[in-house]
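Colleague: Structure provided below as structure tokens; questions to follow.
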């Protein structure tokens, strides 16, 4: 699965 | 942004500021592992490379700058400040960086989502953050007498991790495409490392006695 969303986390 | 994520970030922020303020005010870093602090500085440096390439939000940028600034300030205080550095217990803080850094680097080179410099560095930072607390936990165990602020610092860091797991569970159910197993596994490993510390922290709090870890 392609990752998404998580890159806005610190 | 959900409530768990915000609470997690705030706990993380408070933990770092508590530590920086403690060192600045009492001019002592007794009980603090320089190794762990250097690893955190490396974690933030390698994770926030996107600071230069992607803009997410003002909140995101400001928080990244605070974490970078505070982690390097703490390392500077322990290494260079003429009074603070005298309180650093070098002989007790013996954990070797490369025992932690090298396996994380190899793992990031092997297991990642995309083989690009930024992505591998980002993955490396996740693995590294998961285990960066180890020198601090070893030092706590050796020192036996843990002062309140050091205990609170480690407790707040552990709380930050636990809140992030709640955040992931929440996002998993509310955002249909929210999938990131590398983050999950590294995060769960990291939180488990605090389990033992949490147990003794709550025991000492419940019985109202000074926090001590068993030898």
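Colleague: Within region B:152-209, how many residues turn out to be part of a helix (DSSP H, G or I), more than 14 Å from every other protein chain (Cβ to nearest Cβ) and under 19 Å from residue B:140 (Cα atoms)? First the steps, then the outcome.
Modeller: At the first step, the residues of region B:152-209 found to be part of a helix (DSSP H, G or I) are B:152-174, B:181-193, B:195-206.
Then drop every residue that is not more than 14 Å from every other protein chain (Cβ to nearest Cβ), which leaves B:152-156, B:158-159, B:162, B:188-189, B:191-193, B:195-206.
With the extra rule that they be under 19 Å from residue B:140 (Cα atoms), the set shrinks to B:152-156, B:158-159, B:191-193, B:195-205.
Total meeting the criteria: 21.
Colleague: What is the one condition in (1) farther than 24 Å from residue B:6 by Cα; (2) without any contact (Cβ under 8 Å) to a residue 24 or more places away in the chain that residue B:88 does not satisfy?
Modeller: Looking at each condition in turn, residue B:88 falls short on (2).
Colleague: Shifting gears a bit: I'd like to know if region B:47-57 contains one or more residues that are within 14 Å of chain A (Cβ to nearest Cβ), surrounded by 13 or more Cβ atoms within 10 Å (Cβ to Cβ) and over 23 Å from residue B:167 (Cα atoms).
Modeller: Within region B:47-57, one or more residues are within 14 Å of chain A (Cβ to nearest Cβ), surrounded by 13 or more Cβ atoms within 10 Å (Cβ to Cβ) and over 23 Å from residue B:167 (Cα atoms).
Colleague: Out of the residues in region B:76-92 that are surrounded by fewer than 16 Cβ atoms within 10 Å (Cβ to Cβ) and under 16 Å from residue B:21 (Cβ atoms), state the one that is farthest from the other protein chains (Cβ to nearest Cβ).
Modeller: So the residue we want is B:83.
Colleague: Starting from region B:1-23, take each residue that is within 14 Å of chain A (Cβ to nearest Cβ) and at pLDDT 95 or above and list its partners that are surrounded by 17 or more Cβ atoms within 10 Å (Cβ to Cβ) and not in a helix (DSSP H, G or I), counting only C-beta distances under 7 angstrom and pairs at least six apart or across chains.
Modeller: Qualifying pairs under 7 Å: B:9/A:10.
Colleague: Now for a different question. Would you confirm whether or not region B:186-208 contains a residue that is surrounded by 18 or more Cβ atoms within 10 Å (Cβ to Cβ) and closer than 17 Å to residue B:16 by Cβ?
Modeller: yes
Colleague: So which residues in region B:169-183 are more than 17 Å from residue B:1 (Cβ to Cβ) and modelled with pLDDT of 90 or more, if there are any at all?
Modeller: B:182
Colleague: In the set B:68, B:21, which member is over 15 Å from the mean Cα position of the chain (by Cα) and assigned to a helix (DSSP H, G or I)?
Modeller: It is B:21.
Colleague: Now, a different point. Select from region B:139-150 the residues that are surrounded by fewer than 21 Cβ atoms within 10 Å (Cβ to Cβ) and assigned to a helix (DSSP H, G or I) and write down the one among them that is nearest to the chain's Cα centre (by Cα). Lay out the reasoning, then the answer.
Modeller: Restricting attention to region B:139-150, the residues satisfying the condition of being surrounded by fewer than 21 Cβ atoms within 10 Å (Cβ to Cβ) are B:141-145, B:147-149.
Filter once more, keeping what is assigned to a helix (DSSP H, G or I): B:141-143, B:148-149.
Details: B:141: 18, B:142: 20, B:143: 20, B:148: 18, B:149: 16 Å.
Applying the filter and picking the extreme gives B:149.
Colleague: Give me a count of the residues in region B:151-183 that are exposed (fewer than 15 other Cβ atoms within 10 Å of the Cβ) and over 19 Å from residue B:128 (Cβ atoms).
Modeller: So the count comes out to 7.
The values are calculated or read from the model by the stated rules, or taken from the named source; none is laboratory data. Please read these numbers as outputs of a predicted model, since none were measured by experiment. Heads up, the Cβs are rebuilt from the backbone with ideal geometry, glycines too, and the neighbour counts pull from every protein chain shown.
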